[in-house]
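Inspection log for the structure reproduced underneath, given as C-alpha cells.
Every number here is computed from the coordinates shown, using simple stated rules; none is lab data. As the structure is a computational prediction, the values presented were derived from the model and not from experiment. Here Cβ is always computed from backbone atoms with ideal geometry, including for glycine, and neighbour counts include all displayed protein chains.
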Amino acid sequence: MKVWRGCDKNTSLDWLIHRIYPARISAWKWFSCLMFWLPALPLFAQQLSPEQPAQFDTISVTATREARTTKEVPQSISVVDEKRIKDVRMFNIKDAIQGQVPGLRIESNNNAYDAKISIRGAGLKAQFGVREINLLRDGVPILDPDSFGRLDFVDPDDVERIEVTRGPGDLYSAGTAGGTIHIISRSAFDDQHNVIRGGVGNWGTHNLHTRFGKVFNEHALAFTFSRRHTDNDWRRHNRFSSTNAGLKHGWQLGESSLLETEITYSDVKLNLPGSLSREQYAQYRNTGKALETQDPWKNSARDSQILFMNSRLEHRAGDWLFKPRIYYNQWKQFHPVTGQINVTDGWERNFGFDLEGIYTHSLFGIPGSMVIGGTWRRNWNDGALQYAYADVLTVPGSGRIISTLSDRKGQINSRSKSTNDLWGVYFLESLSPLDRLTVDLQMRFDQVSFDIERNEFQRYDFASGRYTPGRGLIQVREKYDLFAPKAAVTYRATDLINVYASVAHANQVPADSEVQNAVEFGRTLKASGHLNYEAGFKGRGRNWSFDLTGYHTDVSNEIISFVQNLQTLYTNAGKTSKNGFEFFGNYAFTSGFEVGASYTYTDLKFNRLTEPLTIIDPATNQRTTINANRSGNQVPRFPEHMYFVYTTYRHLSGWHGRIETRGQSDYFTDNANTERHGGYHFLTNLTVGYDRKHWGLTFNVQNLFDKRYAVDVNKDASGSRVSFTPGMPRTFMGYVSYKF
C-alpha cells in the first residue's frame, strides 16, 4: 500500500499541471508506479474484453527485418497505419507521425517536406534534411552512406503505413543511432485504392493526387501522380511546390516468388525563409505574419530533380526466404544557402544493393529463426559547385553583406568531387527456449569511407561578413568502423501483455559536410557511440493497446553543433546521457469513438563538454578563444515533456471526425543553458469528413485556435544572437475524392 499512497498523493488536476514540468524526480516516481502496477492490468483487461485476436496489433518488418507483431518486437516501435493516415490530410510525412509517435519531435514552418525530425534528441543539429535517423522506403535506404536523408521525393499520398523505431538497435540501421523511419508504399498489386483526389486551402494551397492500379493475372501495374503547391505568404519567401510521378510493376513468379519494381520522378521547389530576431518574433506573435528575416540571405532555397529506381524480390525456398534489393537514384539541385549557392554540375548518384535471407530452423531442439545479409552502397558526384551571390547589398567601407537581392550566381567559390561508400554485414538469431520466452541476439558491422577533394578559390568569411580568398586544395579521406550489437529478451507475461528488455550499441557516423567542416577548422571528428538500455511493457487487447518504455543511453563523443562568429561548427562532446520514458495507449468504444494519448519524458544532459567560445575585447577588438565548460548542462532544443491526445469517431452513415491536441515544455536554447523557450500547449488539429459509396468529402484545420509559437529557438555560443523559427498559423484545406 505504500507504493499506492506514493502514486496517489496530491493527484488533483491542478497539482499535476503545476508539478509535472519542474519535477524530474516526480516524473520518475510516476514511471516507477506505472511499471509496478502494469503487470496487474491484464487481470482487469481479461474481465473487460473476451480473449479475441487483438485489433490494435499490427505487423512490423523494420526492427528485425522479419515480420512480427509490434508486441513481439523487443524495442520501442510505433506503426502509423492506414486508419491514422486516412484521418489526416497527408500533405507531408509530418501530418502522419506528429504526436502519434512518443519520443519523436517533428516540426515544419512551411508545410513542406523539409520537416526537422528528432528522436530522443538525435537529429537536433541538422540544418536541413534528416541526420542521425535512418530513412527507408519499402526497405530501401533513402539516405546517403553518411546518414544524410531526404524526403523530397517521397509522395505522401502513396503511403500505406509508416513504422518508426526509436533508439539504436534495429537491424536496418547502418551508421545511425537515433532510430528508423520506414515509409511503406502501396504495392503494385493493390487495386483497391484507385482514387482521384483534389484539395484547396488558404495560403494559396492546393493538392491533386491520382492513383490507378490494375492486376493482370500474375502481373500488376500501378501509376501515381501528385501535385502540391502552397504560397505560404504569411512569411516572405516561403513558397513550396512538388510534382511526383511513379510507375510500379509487380510480377508473381509462381507461388514462391514475387518481384516488384518501381521508377519515380520528382521535381521539387522549396523556399527557405530564414530565422527571426526577438523583435521580429514578437511582431509575428502580434500579427500572425513574419514578412522579414534577420538573416542576410533573403533568397535561400532548395530546388531538386530526382530520379529513383528500385527492384526487390521475395523468393521462398523451403525454410529460407530470400529478399534481395537493388536500387539507384540520382538528383541535381540548386541550393542557395548561407554565403554561397550550391549547384550540382550534372547528377549526384547513389547506387546500392542489399542481400537478405531469413531461415526458419530449430537449434538443439529449440525453435528459432535467423536473419543474415549484407549491404553495399555508394554515393558519388564529379562536379559539386559553390558560387558567390552576384547581387548583394553591403556596408560601405567594410564590404559586409547585409542582404542578398536575388539568387543569381556570381563568381565561383569552389569545385569539389566526392565518393562516399558503405558496406556492411548483419545477423540476427531469435530463439524460443521456453514457450513464453524469446531471445534475440544480433550483430551489425558497417564501414563508411569518405574521399573528398575540394578546390576552394574564395570563401565566405563569417567574421568579416564578406568573401575572402580561398584556402586552395582541401582533401579529406576518412574511414569509420561501426559496430552495432544487441541482445534482447521478450517474455509473454499473459496472453495480452509482453515484457521486454534489451541492451544495444550503435555508432553515429558524421556527415560528409561535418567531416569537411572539422578538417577545415583543424578538428577531427570521431563516430559517436551510443549504448542503450531499454525495458518496457506492451499490451494488446481486442479494443485497446498500450506501450510503456523506459530507457537510459550513454553517449560518448556525441557530435554536436555550435555557432561561433555566425559560423556553425561541429565537435565531439565528451559524454552525454539520455534518460526517459515514453507512453502511448488507445481504447476503442463500440459506439464508434476511439481515444488515445502519448506522453514523453526526456532528460538529455552533457556529462562532460567543453565548448570553444570567442571573446572580443571591446577596447582592442582583439579576439580570444577559450574553452567554456558545459558539463552538467541540459542538451538544448529538445523539450523535457511532450504530450498528445486524440479522439476519433466513425459512424455507419459515413460521417467521421478526428480532433487531436499536443504540447511541450520549454527547453534551453543554448549549450550554456542561459535561456529557456519553445514551450506551447494545446496546439489542436481538427478533421471532419463524410464518405458515401465512391465519394468522399474531408475538411481539415491545422492549428485550430491559431496559436503563435516557435517550432525552434536557437542561441549562439556568444549569446549575442537568438534565432526563432515561427510555427504555421491556422491552415485549412478541403478535399473531394472519388474512388474507382
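Quick notes on this structure:
- Summarised in one figure, the compactness ratio Rg/Rh of segment 369-527, Cα atoms and Kirkwood Rh, is 1.23.
- Cα-only Debye scattering, segment 404-463: base-10 log of I(q)/I(0) at q = 0.13, 0.15, 0.26, 0.27 Å⁻¹: -0.66, -0.73, -1.08, -1.11
- With neighbour counts taken as other beta-carbon atoms within 10 Å, the residues 171, 531, 437, 136 rank, fewest first, as 437, 531, 136, 171.
- Computed from backbone phi, the HN-Hα couplings of segment 627-632 come to 9, 7, 7, 10, 4, x Hz, rounded to whole numbers (Karplus: 6.51 cos²θ - 1.76 cosθ + 1.60, θ = phi - 60°; Gly and Pro given as x).
- Ordered by the number of other Cβ atoms lying within 10 Å of each residue's own Cβ, fewest first, 489, 555 fall into the sequence 489, 555.
- The modelled label-to-label distance for the pair residue 338/residue 362, using points 7 Å beyond Cα in the direction of Cβ, is 6.2 nm.
- Segment 674-740 - convex hull of the alpha-carbon atoms, volume per residue in Å³: 99 Å³
- Nonlocal amide H pairs with residue 292, under 5 Å, H built at 1.01 Å: 236
- Taking amide H as placed 1.01 Å from N in the peptide plane, residue 171 has its amide H under 5 Å from the amide H of 64, 65, each at least 5 places away in sequence or on another chain.
- Of 257, 736, 673, farthest towards positive along the dipole that unit charges on Lys, Arg, Asp, Glu beta carbons give the chain: 673
- Of 269/409; 125/417; 94/739; 116/739; 94/409; 269/526, those spanning more than 29 Å from alpha-carbon to alpha-carbon: 116/739; 94/409; 269/526
- Centre separation in Å (Cα based) which lies between segment 689-710 and segment 227-266: 23 Å
- Relative contact order (%) - the chain, alpha-carbon pairs under 8 angstrom, separation at least six: 10 percent
- Label selected from (1) 2, 12, 20, 19, 15, 11, 9, 6, 4, 1, 0, 0; (2) 2, 12, 19, 24, 21, 13, 6, 2, 0, 0; (3) 3, 13, 24, 28, 20, 9, 3, 0, 0, the criterion being P(r) over Cα pairs in 10 Å bins from 0, in percent as computed here: (3)
- Relative contact order of segment 344-388, taken over Cα pairs closer than 8 Å and 6 or more residues apart, is 50 percent.
- Listing 602, 725 from fewest to most neighbouring C-beta atoms within 10 Å gives 725, 602.
- Of the residues 272, 505, 401, the one whose Cα sits farthest towards the positive end of the charge dipole of the chain is 401 (charges of +1 on Lys and Arg Cβ, -1 on Asp and Glu Cβ, taken about the Cα centre).
- Burial ranking of peptide ranges 113-121, 280-288, 497-505 (average Cβ count within 10 Å, highest at the top): 113-121, 497-505, 280-288
- Estimated FRET transfer efficiency (residue 481, residue 253; beta-carbon r; R0 60 Å; 0.05): 0.95
- At R0 = 56 Å, FRET efficiency that the Cβ-Cβ distance of residue 231 and residue 415 yields, to 0.05: 0.95
- Those residues of segment 216-252 whose amide nitrogen sits under 18 Å from the label point placed on residue 287, 7 Å along Cα→Cβ: 232-239
- Computed Rg/Rh of segment 485-584, alpha carbon atoms with Kirkwood Rh: 1.18
- Residue-wise HN-Hα coupling along segment 583-596, computed from phi with Karplus coefficients 6.51, -1.76, 1.60 (Hz; x: Gly, Pro): 9, 9, x, 8, 8, 10, 8, 5, 6, x, 8, 9, 10, x
- Taking every DSSP helix (H) stretch of at least 4 residues in the chain, weighting each as -39,500 (n - 2.57) and dividing the sum by the residue count yields a mean residue ellipticity at 222 nm of -2500 deg cm²/dmol.
- Whole-Hz ³J(HN,Hα) from phi, Karplus 6.51 cos²θ - 1.76 cosθ + 1.60, for segment 656-666, glycine and proline x: 8, x, 8, 10, 9, 9, 8, x, 7, 6, 6
- Percent RCO, i.e. relative contact order, over segment 135-208, from Cα pairs under 8 Å lying at least 6 residues apart: 29 percent
- Using alpha-carbon coordinates, inclination of helix 24-37 to the longest axis of the chain, degrees: 20 degrees
- For residue 628, distant residues with modelled amide H under 5 Å away: 611, 613
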